[in-house]
Amino acid sequence: MSVRTLAKPLTGRVAVVTGASSGIGEAAAEHLAELGARVAVLARRADRLDGLVSRIERNGGTALAVAADVTDTGAVRSAAGRVAAELGAAGLLFNNAGVMLPAPIEELAEDQWRHQIDLNITGLMNVIGAFTPQLVEAAGDQGVADLINTSSIAAQNIFPNFAVYSGTKAYVTHLSRHLRVELGPKNVRVSAIEPGIVGTELQSHVTDDGALRWLEGSKEAMEWLTPEDIARTVGFVATLPPRVNLQQVTVMPTGQPS
């Protein structure tokens, strides 16, 4: 094995990262490029994607910005076609776009319910549907491919006022288990990453006073995870030997009890 292969174990693979304009997605795109992958970054904010691509390219990587709303099926399919045409078949999909909008169920925050379901579930499925054929193709050519979905510890644990968000993340985790069984025989590994509290833009979207107080208190009580922590976890999962599939990875701040 060459020194280059050891230093850049994802050389030759194409990675797609959704929700790449900030936070975990942005950090993951940069890290996967550092590991040698050619990276396609997807999000709605084209200006943020352009800046990310510029940073990756300045560091010697290859990246493609594709502005797309993952809740738009046609836009996602078009994005998948562009990735295949310009970079090659995606062999690593980090399905990361999502939103967190906690609120008491009695507030009947229907717009927030719909937004979380549309992005965290429908958007996730749009991306999986568009890129799974490429993952299967890449696995056939390279011996392995990876579908990595961002879930949350909220998929397993109970947090007051987070019922809808937690429900969407439980969907992500359970779907990932099923897809692993379906796609594993085709050498496509499927993993769900379940982070605890990570300092990202997600917190800035929260409007519920109770949730905001809880988040602020937790920030004073412990050191939150960083987007780079999750990015390195994604890189670790994707660089394991093809025979190894980490089905579910929970990543917690040391000081977070649950």
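Quick note: the coordinates plus some simple rules give every number you see, no bench work behind them. Keep in mind that this is a model prediction, so the values were computed, not measured. Please note: Cβ atoms are built from the backbone with ideal geometry, for glycine as well, and neighbour counts cover all protein chains shown.
Proximity of backbone amide H atoms, modeled 1.01 Å from N, is registered between Val39 and Ala15, Thr62, Ala63, Leu64 at under 5 Å, excluding neighbours fewer than 5 places apart on the same chain. The overall shape of the stretch 1-74 is prolate: from the C-alpha gyration tensor, with semi-axes ordered a ≥ b ≥ c, the ratio a/c is 1.5 or greater and a/b exceeds b/c.
For Thr122 and Thr250, the FRET efficiency from 1/(1 + (r/R0)^6), where r spans their Cβ atoms and R0 equals 22 Å, is about 0.30.
Taking every alpha-carbon pair under 8 Å whose residues sit at least 6 apart, the stretch 117-192 reaches a relative contact order of 38 percent. Loop-located trypsin sites (Lys or Arg not before Pro) in the stretch 1-68 (DSSP state other than H, G, I, E, B) with a sparse environment of at most 16 neighbouring Cβ atoms within 10 Å: Arg44, Arg45.
When DSSP assigns beta bridges and you keep just the ones with both residues in the stretch 3-251, what percent turn out antiparallel, to the nearest 5? Intermediate results must be reported in sequence, preceding the final value.
Working: 0 of 29 bridges.
Antiparallel bridges: around 0 percent, rounded to the nearest 5.
From its DSSP helices (H runs of at least four residues, each -39,500 (n - 2.57)), the chain gives a residue-normalised ellipticity at 222 nm of -14500 deg cm²/dmol.
Normalised by the number of residues in the stretch 138-258, the average gap of Cα pairs under 8 Å and 6 or more apart makes the relative contact order 31 percent. Using a/c under 1.5 as the rounded threshold, could you call the stretch 62-104 rounded, prolate or oblate? The axes a ≥ b ≥ c are square roots of the C-alpha gyration tensor eigenvalues, and prolate needs a/b larger than b/c, oblate otherwise. It is prolate, given that a/c is not under 1.5 and a/b is the larger ratio. State, as an integer percentage, the relative contact order of the chain based on alpha-carbon contacts under 8 Å between residues 6 or more apart. Normalised by residue count, the contact order of the chain is 20 percent.
Length gained on full extension, Ala221 to Thr62: 53.3 nm, using 0.36 nm per residue less the C-alpha separation.
So how tilted is helix 23-34 from the main axis of the chain? Cα-based, degrees 0 to 90, rounded to 10. The angle comes out near 20 degrees.
So for the stretch 3-251, considering every pair of alpha-carbon atoms, how many percent are separated by more than 29 Å?
Working: 7685 of 30876 pairs.
When every Cα pair of the stretch 3-251 is considered, 25 percent fall beyond 29 Å.
From the alpha carbon centroid of the stretch 105-137 to that of the stretch 64-104 is 11 Å. Using only side-chain charges placed at the Cβ, +1 for Lys and Arg and -1 for Asp and Glu, the dipole size of the chain relative to its Cα centre rounds to 1080 debye.
If I build a Gaussian network model for the chain, linking alpha-carbon pairs within less than 10 angstrom, which residue out of Asp209, Asp229, Asp50 has the largest mean-square fluctuation? Residue with maximal mean-square fluctuation among Asp209, Asp229, Asp50: Asp209.
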